[in-house]
Amino acid sequence: MAISSSCNWVFDVFPSFSGEDVRRTFLSHLLLSLDHKLITCFKDNEIERSQSIGLKLVHAIRDSRIAIVVFSKTYASSTWCLNELLEIVKCKEDKGQIVIPVFYGLDPSHVRKQTGEFGETFQMICKNRSDELPDLWKGALTHVANIHGYHSDNWSNEAHLIEDITNDVLGRLVSLTPSMEFADFAGIEDHIAKMSVLLQLESEEARMVGIWGPVGIGKTTIARALFGRISRHFQSSIFIDRAFVSKTMEIFRTANPDDYNMKLRLQESFLSEILNKKDIKIHHLGVVGERLKHKRVLVVLDDLSDQLVLDSLVGGTQWFGCWSRILVVTKDKHVLRAHGIDRIYEVAVPSDELALDMFCTYAFRENSQRDGFNELASEVAKFAGNLPLALNVLGLYLRGRDKEDWLDMLPRLRKGPDGKILKALRVSYDGLGCKEDKALFRHIACLFNGMEANDIKMLLADSGLDVNIGLKNLIDNSLIHERGSCVHTHCLVQEMGKEIVRTQSNKPREREFLVDSKDVCDLFSGNSDSKKVIGISLNLEELYELLRIDKKAFRRLRNLRFLRIYKDSLDLHKQIRLHLPGGLNYLSPKLKLLCWDGFPLPCLPSSFHAEHLIVLRMRSSKLEKLWEEVEVNYQWRTYVDKWGVKTCTRTRTCILGCVTSSFVFVQSPTCPEDPDSVLMLNELYMNDCESLLTVLPTGINLESLYRLDLSGSSRFRSFPYISTNISFLILNQTDIKEVPWWIENFSRLVCLEMWECKRLNYISPNISKLKLLEKLPALSFINCFKLDQEALIQQSVFKYLILPGGKVPSHFTNQATGSSLVIRLLQSSLSKQLLGFRACLVVDANEPKSKISSWIISCHFTGKDRSSFRSSDCQLDIELPRQMDNHLVIFDCCFPLNEDNDSLAELNYDPVDVEIKFTGDSRCEIKGCGVQLSEVCFSDEQLSNFCEADKSNMVTAEEFGKSSAEARRSGKRLRVTGKTIQESTDMRCSQTVKERWMYV
């Protein structure tokens, strides 16, 4: 069942009655009471005399949300009333109209069975009628009389009866009125559409679903919008927020967390609300299940982080009746897992475009930018980090202000986010269960944001922090997230972490980390020792005045473990406002991380003992050698990313690369010829080594090396062979001419990048033997203009290729200009499980930097009589490294042909036209397309995986916009985390195992 808005009702209430009995008495008082509550009722005495009363009444019934049927003694004597009742029953069944029967001076059983005085009257009206109306009237009377309503004899006076009916109607209208407060919330329909897939309202089973994401991401907004949209489908519904739980548990704040009486109190409050009965008392914890196991209920628990509350209120789906839905909203994913909830919607940060729409909605009351504010609005949204909470706070603050006020506000935003935002974000940090997790988060926020998880684990190996479980806890609590093998935190969450450190002391030297340029400058200009500071992160871009550091300054930082002096700017050769006029004679021997962009000295201090050093990165430095003649422990496990070395004179160091960039690794001083003594490198970066030709050593196999990056070494000509265990080989913008036959020896290769290799003209067919590389999301040869494209396309087993070219190759027999084409399928093709094809798009990408580009591939099937009988679509995401003019994006795709219905072959459509349409984002223009149909064969294992994907329960925000049909399509991609390669099921276009090209 799709989640959609309710009907547009004209009237709140339609009263059906016999005027002879109640118009001047009961009904007049009831209508007056409803009017006082601002409830809109249809009144037949307002019908214009020139209109047909019958037709007007039919329309009024259909346009009313609630029908109140007042059964009185003469009701059955009127065919008019009985026909109204037929229309009311029809609207109840077809439109979900609510019917409230009132038995005024009548026994309900007399109406239900058509007996007594009421029955006699009904028999008189049916007498001598030969049509089917008497049976229809009888069925309608029985149906409505079976609905729980109001019997006037049960009230002591009519005034109380009318008051109760009025309050009941008002309560139903309030609960049934769809919430419009979120209608203008940008992106809400995408969220609801994706939640609809998880909720599956058409499924009879009771189901629990989680909404998970960081603070301020919009989880509560999504839950509120859903609740307003779907609560009318349930017998009872309740939205439980933190205030409800806090009020209930207030008297037990000093009790044992597992206190039995506290659980009873929670369940009592819960039952009182959901059953709409005051002061329910229970004596054991099984009552909730007993009372609700036959009810169709909707329960939303918002902002939940207490496992006990979840267990007490919604112990399991067996507590609730069929069709029930339980929605748990939390920032802690572990709460969901611990409760067995595996259908989880992860709310992610919105895109730049959507975030701008959100901000404009708050700032301008419309989701479009106002003239003169375009650049300002974009900049403020950027400061907010696209976080909906921050967009809301800043948008409301700036609403109604003129352009000058906006300009005055920008410097304040650059200093840091609004206090309201930080206070809200800190809730996740304060909710962490142990001090070790909090300490780990502070390390990441101040120093390690964007760093690989494996490096963080090495850097903190002896810190006493359990980094493995700590990272998982931080991810579960939405404080950090993993992107590939790296750990990231949202910019505002990072700022919140830095602010926590700032509050440790008013004196910078008394804090564990220094992250502000002013604090760092104050520390270096002072004379006081600091035993507390263990990490410094200094952005050189924030230095507006020259910073001179005394050569003894670091002697006052004897516990310093992490030193990070860096530049955000890509121009690493820009003047740096940091000088060491007296040199540098000391660095803490406890240093594990030393990153210093533009290091101004020719070597590190000779007194520096680097036995604890894990990472050394010296970009754009003036280093000529690492140390003066000092022995170096060859077991030193580290990689050194050193840009800007001018000479290579160190005798006990084997230096790879020179002039503008190099990577340094050390051999044992005792046996420099022994290749096995080479430092145990994991990653080797030699970016932009303009003089690097072929100085890489040969005849060695660095077994621990899994990443080699030579990108930008524009004179490097030979395909590198220094490790057969290599997994990542980055050779962009090199002078390599061919990929040789022995590429087949790189059996662990999962990533190969060679864009802008302008002399590359040949790739050995042996590359197809690399099974792991087959699963690479995209094999990119952007701007490799000399490459033999036809040969590569025909021999390639890769799912995605990116090649230079402005025309679809002849290999693709079905071609068209623009972004769509039509192919005619024969009947034999329709008996297959899947329609598989290889597609080629001619693309212009108008983005100067790397980006993920998304395309929707749609298939629309049309029979010979031009009738449409099936449509499917899926999404393809490929990273485009940079701006491309006239390039080919080639990929495999397939669609199920007989997934939800009988084989299309049985539909007797011969032939069938298939329109394949490719829709890209606004920054990519599709200039032409081509398709080559293929006959797809699946192994049993892949068919199993294909089916299993339909059971996938984790849905991420990354998958917005895909249809529920796409959610049943699945493929596999390779996910690389550190040095571990693992296959993970992902909702993408299905992949083929082997292909036999079939021409139609």
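Just so you know, all these numbers are worked out from the coordinates, no wet-lab data involved. If you're wondering where the values come from, they're calculated on a predicted model, not measured in any experiment. We place every Cβ from the backbone using ideal geometry, glycine too, and count neighbours over all the protein chains shown.
Could you tell me which GluC sites (Glu not before Pro) in the range 317-402 are loop residues by DSSP with no more than 12 other beta carbons within 10 angstrom of their beta carbon? Each step should come with its number before you reach the end.
Details: sites: 346, 353, 366, 375, 379; in loops: 366.
For GluC sites (Glu not before Pro) across the range 317-402 that sit outside H, G, I, E and B with at most 12 neighbouring Cβ atoms in 10 Å, the list reads 366.
Please report, to one decimal in angstroms, the Kirkwood hydrodynamic radius of the range 446-604 built from all distinct Cα-Cα pairs. Mind dumping the intermediate values first?
Details: mean 1/r = 0.0595 Å⁻¹.
For the range 446-604, inverting the mean 1/r across all distinct Cα pairs yields 16.8 Å.
Assuming R0 = 45 Å, what is the FRET efficiency of residue 124 and residue 291, from their Cβ-Cβ distance, to the nearest 0.05?
Working: r = 45 Å, r/R0 = 1.00.
Result of the calculation: an efficiency of 0.50.
Given a Förster distance of 25 angstrom, what is the FRET efficiency for residue 342 paired with residue 241, based on the Cβ-Cβ distance and rounded to 0.05?
Details: r = 24 Å, r/R0 = 0.97.
Result of the calculation: an efficiency of 0.55.
Mind scanning 532/622; 219/382; 43/278; 435/472 and naming the pairs with a C-alpha gap bigger than 23 Å?
On the way: 532/622 31 Å; 219/382 21 Å; 43/278 35 Å; 435/472 15 Å.
Cα-Cα > 23 Å for 532/622; 43/278; rest within.
Per 0.36 nm of contour for each residue apart, how much would the distance between residue 420 and residue 611 grow if the chain were fully extended, relative to their Cα-Cα spacing? Don't jump to the answer; show the numbers that get you there.
Working: separation 191, 0.36 × 191 = 68.76 nm, distance 4.45 nm.
Contour length minus the Cα-Cα distance gives 64.3 nm.
Collect residues whose amide H, placed 1.01 Å from N in the peptide plane, falls under 5 Å from the amide H of residue 480; neighbours closer than 5 in sequence don't count.
Amide H neighbours of residue 480: 475.
Output the peptides 480-489, 62-71 sorted from most to least packed, where packing is the average of other Cβ atoms within 10 Å over each peptide's residues.
Values: 480-489: 17.4, 62-71: 23.9.
So the peptides 480-489, 62-71, ranked by packing, come out 62-71, 480-489.
Under a point spin-label approximation (7 Å from Cα along Cα-to-Cβ), what is the residue 308-residue 113 distance to one decimal in nm?
5.4 nm
Given the peptides 35-44, 497-506, arrange them by the average over their residues of other C-beta atoms within 10 Å, most packed first. Don't skip to the answer; put the middle values down first.
Working: 35-44: 14.4, 497-506: 15.9.
Answer by packing, highest mean first, reads 497-506, 35-44.
Between residue 550 and residue 261, how high is the FRET efficiency from 1/(1 + (r/R0)^6) when r is the Cβ-Cβ distance and R₀ = 51 Å? Nearest 0.05.
Numbers: r = 65 Å, r/R0 = 1.28.
So, using R0 = 51 Å, E works out to roughly 0.20.
Using mean Cβ contacts within 10 Å as the protection proxy, how do 132-142, 234-244 order, highest first? Show your work: numbers first, answer last.
Numbers: 132-142: 15.9, 234-244: 17.6.
In descending order of packing, they fall as 234-244, 132-142.
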